[in-house]
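This report concerns only the one structure given below.
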Amino acid sequence: DIDNKEVTTRSKDDVLGDGKVRFEPDAEDRESGTLYLNGATLSEITNHIPLTIVLSGANTLNGQLISYGSNIEILSADNRIPGLAAKHKLTVNYSTNDTPVLLYDGNLTVKDGVGLNVKSNGYKNAVDCDKFTLQRCWFKASATTGPVVVCKSNNLIDEQLVSGSL
């Protein structure tokens, strides 16, 4: 939860300070911040401020990525494009009939070699936001039932994208 500038997890293996999860709010105004994930497994990220998520290695979110009225940007730790596959990944696993990545009144940007894989066992959108921008990244969405819908359009996303904007 990144509401009160704190990050909490439900796993004893993901404690702050162990190099897996770190949150740095802006120094003075604390109106935005950066969440660093390094091989982390989280149960949910709920955000109320503009947030940058910086990935190192493979990371898993077993729950929803939710933002209220703010933008989220997902970047790789080294901000460059690897060879043929994403080096820094975020896999979102969500098992109920809701949207795994949901930004209320906000935009989602994924770029710079990140691999974002959204797995939904539900029947609603995989990603729902005002604007979804992909730049130099890999994106894949899957669902066990119904169409996989990104944003508020009816675009079907079922293959990896190297670049583009939706």
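The values are calculated or read from the model by the stated rules, or taken from the named source; none is laboratory data. A quick note: this is a predicted structure, and the numbers were derived from the prediction, not measured. Note that we place each Cβ from the backbone using ideal geometry, even for glycine, and neighbour counts take in every protein chain shown. Heads up: the accessible areas ignore ligands, DNA and RNA and are worked out on the full protein's heavy atoms, side chains in. Shrake-Rupley method; radii C 1.70, N 1.55, O 1.52, S 1.80 Å.
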Check: What residue, among those in segment 86-114 that are open to solvent by 60 Å² or more (accessible area, probe 1.4 Å) and either over 10 Å from the mean Cα position of the chain (by Cα) or under 17 Å from Asp128 (Cα atoms) (or both), is modelled with the lowest pLDDT?
Finding: Asn97
Next item on the list: Kindly indicate whether Val110 is in contact with a Pro (Cβ under 6 Å, 6 or more places away or on another chain) and in a strand (DSSP E or B).
Entry: no
Notebook entry, point to check: Going by the structure shown, is Leu35 within 17 Å of Ser120 (Cβ to Cβ) and open to solvent by less than 10 Å² (accessible area, probe 1.4 Å)?
Noted result: no
Checklist line | Scan of segment 83-102 for residues that are touching a Leu at 6+ places or on another chain (Cβ under 6 Å) and closer than 20 Å to Asn121 by Cα, ordered by number | finding: Leu90, Val92, Val101
Notebook entry, point to check: Taking only pairs six or more apart or across chains, which ones have beta-carbon atoms under 7 Å, a first residue in segment 68-81 that is more than 15 Å from Trp138 (Cβ to Cβ), and a second residue that is outside any loop (DSSP other than H, G, I, E, B) and open to solvent by 50 Å² or more (accessible area, probe 1.4 Å)?
Noted result: Tyr68/Tyr104; Gly69/Tyr104; Asn71/Asn107
Check: Which numbered condition trips up Val118, out of (1) β-branched (Val, Ile, Thr); (2) more than 10 Å from the chain's Cα centre (by Cα); (3) closer than 19 Å to Thr60 by Cα?
Finding: (2)
Notebook entry, point to check: Would segment 57-65 turn up any residue that is open to solvent by 20 Å² or more (accessible area, probe 1.4 Å) and of a type in the set (Ser, Thr, Tyr)?
Noted result: yes
Note to self: Test of understanding: among Asn117, Asn71, which residue is closer than 19 Å to Thr34 by Cα and at pLDDT 80 or above?
What the structure shows: Asn71
